[in-house]
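Input: a single structure, listed below in structure tokens.
Values in this text are rule-based calculations from the coordinates and carry no lab data. All figures in this text were calculated on a predicted structure; none of them were measured in a lab. Backbone-built Cβ (ideal geometry, glycine too); neighbour counts: all protein chains shown.
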Amino acid sequence: MIQMMTGYTEEVDEVEDGIAEILEQIDLGTLKKNSVGIITCHIDFTSTGFIGELCKKLPFDVIGMTTMANACRQGKSMFALSLTVLTSDDVAFEAALSGPLDLDGYRETIGAAYSGAAKKLPGKPSFSITFFPLLKNLSGALMHRAFDDICEGVPFWGSITINSDINNERSNVFLNGDISEDGMAMIIMHGPVDPEFIVVSLPAQNIRKDRGRITNSDGCLIKEIDGIPALKFLESRGVVIMKEASLITPLMIYYEGSPIPLAQAIYSVNEDGSLLCGGEMPIGSFVTFGEITVDGILSTAGDGMARMLECGKKSGALILPCVTRYITLGDNHNGELELIDKLLENGKIMPYMAGYSGGEICPIRDESGALQNRFHGFTFSVCVL
């Protein structure tokens, strides 16, 4: 069994004061045999030395990532840091940070970090938490596929890191005081973790009923739908994709064996009418389109929370919705975080950590009930312990 504790601060400049605030909220005297930490934070915390100084005070390894905004029971803000502690007598944890990832050698680099951590465990890995870097030349889908192969399908959950300013390309992952823009951070676990995974994308009324079949594709690139260029297919359905704002149009894909569609982003539109997407687009899969709205965001967050509260697990919840949701909420940008806090009664029902994701990593069950690791977009993603 895993127990969870959280700490929070908005004090980024006075490092010692911020660390003291966090340590007052977490009782290190109650730690069990094995412990590990997870941080989500504003990017300013990675440039002041705060992360390294905090980790020096903690008797366990910590991984983390920068995010748009984050929350736990102690507070919520864009300009904050949340520390989550997982502690257990029967689950073992090993943390690792890969070397820099690039298109040529990313599989080998990820594999070396994973195998190095897994070898230190007392048995086979049963679950992982993963934070991928945000890279121009290496997609989240490729990193996800590589990690799925490397861990041989063992469930993993996590996110691509993001910044509070999506136009600022610098985002970080980290292990203890080692900050990286192009590495992958991970926690590998052994033991009876048995998490519940919840992922909700768009409400049914925001998903079109008409579908097309992918007839030509290459990885994340859709070339043809129903035998015509992908862009022409969209236009034939009255869907307008603006090249300068393609990310706001969710593409809903029905993967083979999946009873529900997964939301993926359209990253770019090419001159030949092909579409570069956030996830893999297998030939034969069916696609349609969705609309992301303020009402839809709050309703799907509510649906996800209801499923979380009904699943029976109450040790803690790790929640990483898509950053597009936070942006779309506009003036009510904290609306989703406030709803989470309200439904969990300010952490009284269970401790929680929430942040925003540049790409959601969450397993789903296929029609046979088996977990399949998947990479998502636009979703409300939860791991319940």
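A few comments on the model shown:
- Computed on region 204-289, the Cα convex hull volume stands at 82 Å³ per residue.
- Under 14 Å, Cβ to Cβ, from Gly302 - net charge with Lys/Arg +1 and Asp/Glu -1: -3
- Helix axis angle, 140-150 relative to the chain longest principal axis, alpha carbon, degrees: 70
- Local electrostatic count, Asp61, Cβ distance below 14 Å [Lys/Arg +1, Asp/Glu -1]: +1
- Among Gly183, Val15, Leu86 - extreme Cα towards positive end, dipole of the chain, charges at beta-carbon: Leu86
- Charge tally around Glu94: other residues with Cβ under 13 Å, Lys/Arg +1 each, Asp/Glu -1 each, net +2.
- Mean residue ellipticity (222 nm) of the chain, computed from DSSP H runs ≥ 4 via -39,500 (n - 2.57), nearest 500: -6000 deg cm²/dmol
- Cα long-axis angle, helix 294-310 against the chain (0 to 90 degrees, to the nearest 10): 60
- Per-residue HN-Hα couplings for region 379-385 [Karplus 6.51, -1.76, 1.60; θ = phi - 60°; Hz; x = Gly/Pro]: 9, 9, 10, 9, 10, 9, 9
- Over region 267-385: Kirkwood hydrodynamic radius from C-alpha pairwise inverse distances, Å: 15.9
- Relative to the dominant Cα principal axis of the chain, helix 15-25 is inclined by about 90°.
- Protection proxy ranking, highest mean first, for peptides 60-70, 119-129: 60-70, 119-129, where packing is the per-residue count of other beta-carbon atoms within 10 Å, averaged.
- The residue list Ser285, Gly359, Cys151 was ranked by how far each Cα lies along the charge dipole of the chain toward its positive end, using unit charges on Cβ atoms, and Ser285 comes out on top.
- Put simply, when 99-105, 210-216, 318-324, 132-138 are sorted by average Cβ atoms within 10 angstrom per residue, most first, you get 318-324, 132-138, 210-216, 99-105.
- Think of the chain as a dipole: +1 on every Lys or Arg Cβ, -1 on every Asp or Glu Cβ, centred on the Cα centre; then among Phe375, Tyr106, Leu339, Phe375 lies furthest on the positive end.
- Our coupling estimate for region 103-119, obtained by passing each phi through the Karplus curve with A = 6.51, B = -1.76, C = 1.60 and θ = phi - 60°, is 4, 6, x, 5, 5, 5, 5, 5, x, 5, 5, 5, 5, x, 6, 4, 5 Hz, Gly and Pro reported as x.
- Magnitude of the charge dipole for the chain, about its Cα centre and with charges confined to Cβ atoms of Lys, Arg (+1) and Asp, Glu (-1), is about 1000 debye.
- Label-point separation in nm, Arg170 to Asp303, each point 7 Å along Cα→Cβ: 3.9
- At q = 0.10, 0.12 Å⁻¹, base-10 log of I(q)/I(0) for the chain (Debye sum, equal scatterers on each alpha carbon): -0.60, -0.88
- Global geometry of region 140-295, whether rounded, prolate or oblate, following the gyration tensor of its Cα atoms and the 1.5 cut on a/c: prolate
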